[in-house]
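Okay, structure first, notes after.
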Amino acid sequence: MTVVLVHGVPETPAVWEPLRAVLGRTDVETPRLPGFGAPVPGGFGATKEEYVAWLVAELERIGTRGPVDLVGHDWGGGFVVRVVSTRPDLVRSWVTDAGALGDPGFEWHDFAKIWQTPGEGEEFFARQLATPVDESATVFEAFGIPADRARALAGWADEEMARCILTLYRSAVDVGAEWGPDFQKIPAPGLALLPTEDPFLSADGSRRAAKRAGVEVLELTGLGHWWMLQDPERGAAALTGFWASLS
């Protein structure tokens, strides 16, 4: 059995380190999205469909060693939505905290709309990258992330990551309408995590999508978007409880 944890944006696999430590397992993989702390392969355009294809290839490789329990956060969770809609055979189970991307009526948050706007998105990241890390960290702390982890998160972004984020979001203006119809009656067992204080993803959209997919919703009461950094113990308990239910 292999647990695969897929990070989101603007992140690297390091976002999983506290939770991974609590899990205490040796069979955990945290693949790195192209452009997120690593060079982008030649010919890779950083669109949502290319990231899905990349994840499919990763799962095909990892799956040669045995069944996969897939977990995705933020855009990683969005890629999970698409993968299990089109290739459920690649996983034993799946968990996403971005189930709302599988809702045909999904609407983007305000930051995403800035990033999707040519010129405005570039200006946003130019300012962001010019801001001292300590100052940027205070923004993440406002979302409930402990100070040391907020500072680490604030320091991960670079120009390559910013470029990939802009391309990704601009390829996904209508992601709900495009992906939502296929996110229903998923045969592989799944779970939709719902951090109740997440300001970026619609709770109602997550519930609607989970119902269509045929999976339960588990609320993480009082936790926000970066629940795995806020309370890794509770996050790990949610995952291990779900996996235990599959036995």
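Test Phe44 against the criterion of being open to solvent by 10 Å² or more (accessible area, probe 1.4 Å), assigned to a loop (DSSP other than H, G, I, E, B) and not acidic (Asp, Glu), and give yes or no. Yes, satisfied.
Check region 14-24 and report whether any residue there is in a loop (DSSP other than H, G, I, E, B), open to solvent by less than 30 Å² (accessible area, probe 1.4 Å) and either farther than 22 Å from Gly66 by Cα or not hydrophobic (A, V, I, L, M, F, W, C) (or both). The answer is no; no qualifying residue exists.
Pairing each residue of region 118-144 that is surrounded by fewer than 12 Cβ atoms within 10 Å (Cβ to Cβ) with any residue that is hydroxyl-bearing (Ser, Thr, Tyr) and assigned to a helix (DSSP H, G or I), provided the two are 6+ apart or on different chains, yields no C-beta distance under 7 Å. Considering only residues in region 220-247 that are hydrophobic (A, V, I, L, M, F, W, C) and assigned to a loop (DSSP other than H, G, I, E, B), the one that is most open to solvent (accessible area, probe 1.4 Å) turns out to be Leu246.
Would you mind stating whether Val52 is farther than 22 Å from Gly190 by Cα, crowded, with 18+ Cβ neighbours inside 10 Å and out of contact with any strand residue (DSSP E or B) (no Cβ under 6 Å at 6 or more places or on another chain)? No, not satisfied.
Taken over region 65-88, the residue count meeting the criterion of being without any contact (Cβ under 8 Å) to a residue 60 or more places away in the chain and open to solvent by 20 Å² or more (accessible area, probe 1.4 Å) is 1. Here Ile62 clears all of (1) assigned to a helix (DSSP H, G or I); (2) touching an Asp or Glu at 6+ places or on another chain (Cβ under 8 Å); (3) open to solvent by 30 Å² or more (accessible area, probe 1.4 Å) except the condition numbered (3).
The values are calculated or read from the model by the stated rules, or taken from the named source; none is laboratory data. Keep in mind that what you see is a predicted model, and the values were worked out from it rather than measured. Glycine also receives a Cβ, built like all others from the backbone with ideal geometry; neighbour counts cover every protein chain displayed. Ligands, DNA and RNA are excluded from the accessible area calculation, which covers all protein heavy atoms including side chains. Shrake-Rupley method; radii C 1.70, N 1.55, O 1.52, S 1.80 Å.
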